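The values are calculated or read from the model by the stated rules, or taken from the named source; none is laboratory data. Note that the structure is predicted; figures quoted are calculated from it, not measured. As a convention, Cβ positions derive from the backbone with ideal geometry for all residues, glycine included, and neighbour counts pool all protein chains shown.
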């Protein structure tokens, strides 16, 4: 296991595999940061139920743009250009969950509740990671992501309180996003994930992070009267 | 020695400026929740800026 801490000035001395994995993980992280606003902004900014919600949609997108900026800066400092993801079509996003368009308020609420929570898990992978410039940008990003998750959770609960028909719509959104959330952790037993861990760029195996997520989310779903979806139905990465 | 991207600094500065403007506009709207006109203005201003960022024409921003 690699335990050194690396600055940008040290990169030339590093194994090419380290640089490749770092370039890859920064590109995917940048894509995920900007992928969210691309998914919901077009429809949800005009259609959010109240002015306050519209403003919070705009604030969430702004924070994600700022997260993109910080990741792009770290990548750019090592000579890696991730700016192409700003205009990339949703269908070309690295992660399946970001391909498509959010068109309903239920989906938007559940996206914050479930998918931004995966985002937090992904960021937690970099805690104490070997690349210090990446580690340094984490605290502020994670704090804002926690706000997005809480907002999504609160909006989900608010929708659930509006009767059976609304509850069914929320459950449908949960069924849709839950399996996508589980897929976001990648394949179990992934060799690449093992190499990330070897180089100190990530902390957990994909299956471990996914299990931690399930253990966190399932009790929350049950506590608010929602059914836990079949974790295998429609999954692409097991 | 690994070199940073030539456009790195400028892109960072541009996005930071945009984010600051957006945060200020949104804060203005959020701090006057009962003022519909102000909220509408904040939403319209943010939308205009966000649309430009979502279009992602980086070369135009850096010209």
* **Verdict on residue B:16 being under 18 Å from residue A:54 (Cα atoms) and facing chain A (nearest Cβ under 7 Å)** => no
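Quick one: which of A:163, A:189 is free of Cβ contacts under 8 Å to residues at least 12 places away in the same chain and over 20 Å from the mean Cα position of the chain (by Cα)? Let's see the steps before the verdict.
Details: A:189 fails: free of Cβ contacts under 8 Å to residues at least 12 places away in the same chain.
Exactly one residue qualifies, and that residue is A:163.
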* Asked: Restricting to helices (runs of 4 or more DSSP H) lying wholly in chain B: which have 3 or more residues that are in contact with a strand residue (DSSP E or B) (Cβ under 8 Å, 6 or more places away or on another chain) and surrounded by 17 or more Cβ atoms within 10 Å (Cβ to Cβ)?
  -> none
* Out of A:80, A:8, A:25, A:74, report the one residue that is under 18 Å from residue A:144 (Cβ atoms) and either surrounded by fewer than 24 Cβ atoms within 10 Å (Cβ to Cβ) or touching a strand residue (DSSP E or B) at 6+ places or on another chain (Cβ under 9 Å) (or both). => A:74
* Asked: Hey, does region A:3-14 have a residue that's more than 23 Å from residue A:193 (Cα to Cα), touching a residue at least 12 places away in the same chain (Cβ under 8 Å) and assigned to a helix (DSSP H, G or I)?
  -> no
* Among the helices (runs of 4 or more DSSP H) lying completely within region A:16-126, list those that include at least 3 residues that are within 25 Å of residue B:52 (Cα to Cα). => A:16-47, A:51-77, A:105-110
* Asked: When the residues of region A:127-137 are filtered to those that are in a helix (DSSP H, G or I) and surrounded by fewer than 17 Cβ atoms within 10 Å (Cβ to Cβ), which remaining residue is nearest to the chain's Cα centre (by Cα)?
  -> A:135
* **Residue list for region A:45-58, restricted to those being facing chain B (nearest Cβ under 8 Å) and surrounded by 23 or more Cβ atoms within 10 Å (Cβ to Cβ)** => A:54, A:55, A:58
* Might you let me know whether region B:31-46 holds any residue that is at the interface with chain A (Cβ under 7 Å from one of its Cβ atoms) and under 21 Å from residue A:85 (Cβ atoms)? => no
* Asked: Of the residues B:11, B:50, which single one is under 10 Å from the mean Cα position of the chain (by Cα), modelled with pLDDT of 95 or more and at the interface with chain A (Cβ under 7 Å from one of its Cβ atoms)?
  -> B:50
* Asked: Considering region A:64-83 alone, what residues qualify as being more than 7 Å from chain B (Cβ to nearest Cβ), under 19 Å from the mean Cα position of the chain (by Cα) and farther than 14 Å from residue A:138 by Cβ?
  -> A:64, A:68, A:75, A:82
